[in-house]
Amino acid sequence: MTKNAHFVLLLIFAVSRLALSQPPVNLDEYKVLDQSRFIVTYEVMMTKDSLKPTEHKFDRLVLMVGDSISTCYSNTMHRFDSAYTIRCAHKGRDSYQGLRHFVGENGDVWVPDVYKYYIKKQMTVMHRMEVPGNFVPVYLYEEPLDLMDWQMSFDSKEILGYQCFKAECDFRGRHWTAWCTMQIPVQDGPWKFCGLPGLILQMEESRGHYAFRCIGIETRKKPIVWYNNVDYQSCTHADVVKQMEDYHADWNAYVRRVFPGKIVRAKNDGSFEKVSVGEKKVLPYNPAELE
Amino acid sequence: MKQIVFLIISIFFSVQAFAQTTISGEVLNEKKQPIFNASVMLLRVTDSLPMAYTFTNEKGHYQLVTQSEEAKLLIAVYGFNLKRQFKEVENKTQTVDFTVQEEALQLKEVSVKSEKIWGSNDTVNYVVDAFRDTTDIVIADVLKKMPGIEVKDDGKVEYKGKPISKFYIENMDMLQGRYNLATTSIAASDVASVQVMENHQEVRALQNIQFSDNVALNIKLKENAKGTFALMADLGAGWADSLQYEGGLTGMYFAKRNQFLGTLKANNSGTNLVDNENVTVYPMASMVKPSAPGISGVRHTLNRSQGVTYNSLHKLKNEAELSYSLLFGGDRNRKSSESRTLYLLPDDTISLAERMQSLETARMLEGSINYNLNKDLDYLKISLTASGHRNWGEGLVDNGELIRQEENYQSLCAKANIHWIRKSRRDPESGIEFNSTTSYGTLPYGLQVAPGCFPEVLNGGEDYATTLQNIGYQSFKSENFLRFLTSVVWKRLRIMPYFNFSMEEQALNSDALCVIARRNDEAIQPLCSDGLLRFARNDGDQFSNDIRWHKYQPAAGAYFTYDRRRVNVTLMVPVQLRYLQLDDRIGTASDKQFKVLSQPSLSFRYDFSHNWKVSTKIATYNNTPSLRMLYSGYILQNYRTLSRYDCPLADTYGANGSLTLSFKNIMKYVFGDLSVNYNRYRNEVMYAQSFEGNTMVINAVEQPSWGDYLSVSLYAGKGFSWKKLNINAKCSCGWGRSPHLVQNQVATYYNQGWNANLTASIAITDYIFFNNKGSWSRFTTSVDGFTAGSQPIVSLIDNANLSVVLPFGLSVTPSVELYHTRSEGRTDNFVLLDFSLGYTFRKVKLSLGVNNILDTESFVYSYYSGIYGYYSAYSIRPRSVMLAARFKVF
C-alpha cells in the first residue's frame, strides 16, 4: 500500500486523469537567451533518505555553457517536458503519465533548473514542486553567483583526460570537495556550483549523500532558452525551503492545502479509496541544502 | 615587560610582512583593451598546483595575495578563447601585467554513453545519433537499425510489424500518406530523435473519448536543420545493357510555422516515381504480364521514370495547418518472365507455361489540399484530392502460340472529406461530431487480344483474329457519420449514439467485340488497321453489359465505452437498413434486396503493467459483392479468362477476432508482440470455375459454403548497447480452409504457410558494420478428398552486407543475396552479388556501385494462392555499374 500511495495519489477534480508529477513545461514556447558553446553532462547521485545511506538514486544533469549565460537542468525532467510538448501538439494517450514514468531503475529527478548570468553575477533557480498538474506555480528565486567560499587544497587528479585540482567549500550545511580543470576556463559547474577558475568536473559531498560526476563534454551550438508560457512565481530560497519542509513533513496536508479537490488513493485492484483528512504522510527529507 | 610585548608584536608583524606577497596588474589584449573575467592563478612552481586565484574586473585589473614562502611563483592567466600565458616571478609584492592573445578553445570531447531509447508508456524516443553510423545517408537508413522499427523498400515504416498511420515532421503532417518522400530525403545527420507514439489519437477533441490503437511517428530535427532551406542534389551515370542514369534535386525547408519539400527526379535505374496512393478504381480486366517479384525495385525494374513533387504546409494564425501538394510522374517499364501457373483441380493439375513480355507506360497527375484545425474543443479537417492516371501497355505471351495484347486506360479519381467536431464550452465532455467522405472515380478501359482466344463462345466455333474488350466503370461513394459525443455518462461508462448514412453507386458498360478475319498463324496482323480487318459486334445480350448498382445504407447505433486507467472497452452496436438494387439494362440480372443487419464489434485493452498489455478485438461483418462480381454479360478478363456472374444478390457473413499480447521494456530495448487472428465466413454463393482447355469461365452458383483462416504471428525486437547490435524477428504461420467450386465439384482447399524473418545489424568496430536479413518460408496447398495435391514450396533467402569505413573518406560495401527455392520437385539456387565503393570529398558523397556482378539473368520465385500455384523466373537488371554523387547545393 505504501508503495502505491507513494506512487499514485489521484486527485479527482474537474480533470479526470492526473498523476503525481511536477508541472510540465511546454518546450515549444520559449525565447532564446544565448547560444551554447559547449555542453557538459553530469551524473548526479542522490540519497533521498539519510537513514538509508546506501540507497542511491541517479539522474543526469545537462550544463549548457554560453557566452554570458549557462543553464543546468535535469535530463529526465527535460524528457518529461518533451513528452508533454508532444502531447500538447498531439494530445496522445500519454497525457495522464507523470514524471515517474520517465525515471528508470535507480533513477530520480534532480529538481531545480539553474540559469547563471555571468555578467550580472546572479543565478535564477527554477524549482518545481512534485505535485500534480498545474496547481502549484513554478517557483523562481535569485541568488548571487559567489555563494561558495572556496579553499584551495594542494591535490590534483586526472578526470576524463583533463588535469584537475582540488578545492573545498562549506555550502548550506554540507562540506563539498570540487575537482576543477584550468583546461576548460569557465567558472561554472553542476547545479549552483561555480566561482572556481575552471569548469568543475566532479563534486563530492563529505557524507557520501550527494555527488556530481562529469560523464560527457561536447562542443555543440544549441540555443539556451527561457520557457515563456509557465506560471512562474517569484520568491526567495527560504520560501522554497519552507515549502519543501512542509511537503516532506506531511504530504497529505501539503497537497490538501494547494489542491482544491478530494484526495483519493489508488488501490491494487485499480479502484480508489478516499484519504481521510487526519491521515499523515511523512516523506524522508535529506536535501542537498540543509540550511 | 612593555619592551618584551613590543618586541613580540614587532616580530609578529615583520614575519607577517615577510610572508604576505601581493601581486597585482592588468590583463589587456593586443589592442590594449582590458579583458574582463579572465582567470589569474598563482601556482606553485614545483608542481603547478594552485595556491590562489582571482578574476579580472571590468578594467582588466587583478590582485592576488599569498603567504607562500616559495622563492619563485608562477602566474597563469587564461580565459575562454584566450591563449593561456604563464609568467614566473619572484615572490615579492609587485605589479605584473599581461598582454594576452585570443585563441579558440579546443575541447577534448568526451561522448556520453547516451541511452539510445527512452520514453514512457505509449511514447518511445530513439536518439538518432546513437544508432547512426558514417555510412547512413538518409533517415530511412537509421530507422532500419532501431529495435521495433522496420522500413520497407519503398520507404514506408512499420512499428512492431504494424504500418504507421501518421508521419509527422516536427509535429506537423505535411506529406499525408506519401511520407516515404521524407524518409528517403531527410539527411540522417539532421535528425535529433525519432518518436513513436502508440495508441495515437490524432484528433485532440476525441482524446479521452475514442480509444485509438494507431501508431504515429514524429521526426524531431536538430536545431541547425530547422529554419534553413536545404537543396540536395543526386547525380549518377552508369552502364547495364544500355546507359543508366539517375538525377534529382530535393529542396527542403522545415520551420516552426512553414514546411516545404519538393523533388525533381528522373532515372532509368529502377526507381518508379509513379504510385497509386489515391487511386480508388481499378480495371476489371488486365493483360497477362510478368508479375514483379517482391524484391527491391532497383534489381528488377527496367524503366524510365520522371517525377516532380511539391508539398508545403503553413500554420495559420489560428494554429490550423494548411497543406497542399502537387505531383506529376511518368514511367515506362519493360518486363519479361517465364512463368508456370498451376490450377490445382480436385482430380488433376493443369499446368500452363507462358513466356511473357510487356511494355507499360504510365502518367499521373495529382493534387491535394488539406486544412486541419486541431484544438481541444474544436476540430475541423477538410481535405480534397484529385488524381488522374493514364496507362498504356502492350504485351506478348508465348504459351505455344503467340498472343499479342494491348491495353489502354485512364482513371480519374476525386475525394473530399470533411470531419468536424465541436465540444461544449461549458461541458467539454459533450459535443457533436460529423464526418463525411465522398469519392468519385471513373475508369474507361480497353483491351485487345490477338488472335481470338474464345472462338466457341464468341464466334460460333470459327477462328477469328482479335478480341476487343471495352469496359466503362464508374463509382460514386458517400459516407456520412453524425455522433453525439456524450449523451449519458455513468461513472466511467459513456454512451454515444450515432447515425450513419452511406450510399454507393456503380455503373458498368462493356462490349466484347470480336474481329472476324481469317486467322493467319504466320503473322499476327497489326491491330485496329482499318481496311485490313473487319469488325463485328456481338449483338447477343451475353457479350455486353449496361448495369447500374445502388446501395443505400442508413444506420443508427451507439458506442459504449468504458475507460479506466488500465482498461479500455469499446462496444459498437449498430442497426442498419440496407437497400440494394441491381439494374441490368441488357441482361436479366436485375434484382432488389432489402435487409436489416447488425454488425456489432467489441474491442478491449488491458494494461497489466508498464510493460505488458493485452488487447482483443471481435467484429462481425457483412459484405455484398460489388458490381465487379455481378455482371451477367461476358467480360474478357484476360486472354485466358472469360467471366460472367449470373446469380441474384448475395451476401457474405463473417466474424473475425484477434488477441494480441504486447511486451515492451524501453530501458532494456525489448519489444514484442504475439497475436492470434481468426476469421470465419459464410458465402451464399460460390463461384464456379470451369476450364475449357487453358481458358477459364467463371459462373456464380447459389450454394452456401464456409471457410476460415487462423494465423499466429510473433514479433520480437531487441537492441543491445554492445556493438549497437539490433535484432528483429518476425515469425508467422497460417492455416486456411476455403471452399471452391471447380469443374462442378465442391472442393475444400487447405492452405498452410510458415514464415520466419530475422534481421540483425551490428557495428563490429567503429569502422565495420554488418547487416543481415534472412527469411524462410514454406507453403502447401492440398485438396480435401482428392488425390491431387501439391508439393510444398520452400524458399530460403539471405541478404548480407558489410560496410567498412576506410581512411581518407573511403568506404567499401560488399553485399550478397542468396536465394534457394524448391517447388514441384525443382530446386533453384542463385546468388546476387553487389559491391559499392564510397568516397566522401568535403560535402560530396560519391559512390561507385557494381550490382549483379555475377550477371544473374532471372529471379525465381513461387507461391500458392487459393487454387493456384505460381512459379516465375523474372528477368532482372543485368550487371550494372553506376557512379553517383550526392551533395548539398546549399
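The values are calculated or read from the model by the stated rules, or taken from the named source; none is laboratory data. Just so we're clear, the structure is a prediction, and the values are computed from it rather than from any experiment. Backbone-built Cβ (ideal geometry, glycine too); neighbour counts: all protein chains shown.
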Given the structure, is B:Asp173 crowded, with 18+ Cβ neighbours inside 10 Å and of a type outside the set (A, V, I, L, M)? yes
Of the conditions (1) assigned to a loop (DSSP other than H, G, I, E, B); (2) out of contact with any Phe, Trp or Tyr (no Cβ under 9 Å at 6 or more places or on another chain), B:Arg822 fails just one. Which one is it? (1)
Kindly indicate which of B:Val596, B:Val569, B:Val573 is in a strand (DSSP E or B), of a type outside the set (D, E, K, R), within 27 Å of B:Tyr653 (Cα to Cα) and within 14 Å of another protein chain (Cβ to nearest Cβ). B:Val569
Mind checking which residues of the range B:28-67 are in contact (Cβ under 8 Å) with a residue 60 or more places away in the chain and within 13 Å of another protein chain (Cβ to nearest Cβ)? B:Ile35, B:Ala38
Residue by residue through the range B:724-743, note down the ones that are of a type in the set (A, V, I, L, M, F, W, C) and part of a strand (DSSP E or B). B:Ile727, B:Ala729, B:Cys731, B:Cys733, B:Trp735, B:Leu741, B:Val742
Elements of type strands (runs of 3 or more DSSP E) contained in the range A:109-174, each with 1 or more residues being among the hydroxyl-bearing types (Ser, Thr, Tyr) and surrounded by 20 or more Cβ atoms within 10 Å (Cβ to Cβ): A:113-117, A:138-144, A:162-171
Please go through (1) among the aliphatic types (A, V, I, L, M); (2) within 13 Å of chain A (Cβ to nearest Cβ); (3) part of a strand (DSSP E or B); (4) in contact with a helix residue (DSSP H, G or I) (Cβ under 9 Å, 6 or more places away or on another chain) for B:Ala130 and return the number of the only condition it doesn't satisfy. (3)
Kindly indicate which of B:Phe434, B:Phe481 is surrounded by fewer than 16 Cβ atoms within 10 Å (Cβ to Cβ) and more than 30 Å from B:Gly393 (Cβ to Cβ). B:Phe434
Checking the structure you have, find out if any residue of the range B:192-212 is within 26 Å of B:Ser325 (Cβ to Cβ) and more than 13 Å from chain A (Cβ to nearest Cβ). no
Among B:Gly155, B:Gly148, B:Gly238, the single one that is under 25 Å from B:Lys613 (Cα atoms), in contact (Cβ under 8 Å) with a residue 24 or more places away in the chain and more than 14 Å from chain A (Cβ to nearest Cβ) is B:Gly148
Here are some conditions: (1) buried (at least 19 other Cβ atoms within 10 Å of the Cβ); (2) under 28 Å from the mean Cα position of the chain (by Cα); (3) at pLDDT below 85. B:Gly869 meets all but one. Which one does it not meet? (2)
Looking for whichever is in contact (Cβ under 8 Å) with a residue 12 or more places away in the chain, over 23 Å from B:Gly262 (Cβ atoms), touching a helix residue (DSSP H, G or I) at 6+ places or on another chain (Cβ under 6 Å) and not in a loop (DSSP other than H, G, I, E, B) here; the options are B:Tyr343, B:Tyr379. Which one fits? B:Tyr379
Scan B:Ala225, B:Ala230, B:Ala205, B:Ala216 and give me the residue that is crowded, with 21+ Cβ neighbours inside 10 Å and under 19 Å from B:Thr184 (Cα atoms). B:Ala216
Subset of the range B:827-843 [loosely packed, with under 14 Cβ neighbours inside 10 Å and farther than 17 Å from B:Trp776 by Cα]: B:Phe841, B:Arg842, B:Lys843
Test B:Leu384 against the criterion of being of a type in the set (A, V, I, L, M), in contact with a strand residue (DSSP E or B) (Cβ under 6 Å, 6 or more places away or on another chain) and surrounded by fewer than 20 Cβ atoms within 10 Å (Cβ to Cβ), and give yes or no. yes
Going through B:Ile495, B:Ile418 one at a time, which residue ends up being surrounded by fewer than 20 Cβ atoms within 10 Å (Cβ to Cβ), out of contact with any Gly (no Cβ under 9 Å at 6 or more places or on another chain) and modelled with pLDDT of 95 or more? B:Ile418
Go through the residues of the range A:135-153 one by one and say whether even a single one is aromatic (Phe, Trp, Tyr), free of Cβ contacts under 8 Å to residues at least 24 places away in the same chain and at the interface with another protein chain (Cβ under 9 Å from one of its Cβ atoms). no
Residue under question is B:Val100, and the condition is that it be aliphatic (A, V, I, L, M) and in contact with a helix residue (DSSP H, G or I) (Cβ under 9 Å, 6 or more places away or on another chain); does it hold? no
Looking at the range B:744-783, which of its residues are loosely packed, with under 15 Cβ neighbours inside 10 Å, among the hydrophobic types (A, V, I, L, M, F, W, C) and either touching a residue at least 60 places away in the same chain (Cβ under 8 Å) or part of a strand (DSSP E or B) (or both)? B:Ile768
Quick check on this structure: which one of B:Asn408, B:Asn399 is in contact (Cβ under 8 Å) with a residue 24 or more places away in the chain and farther than 13 Å from B:Leu468 by Cα? B:Asn399
Scanning the range B:619-658 residue by residue, those small (Gly, Ala, Ser) and over 17 Å from B:Ser705 (Cα atoms) turn out to be B:Ala619, B:Ser626, B:Ser632, B:Gly633, B:Ser643, B:Gly657, B:Ser658
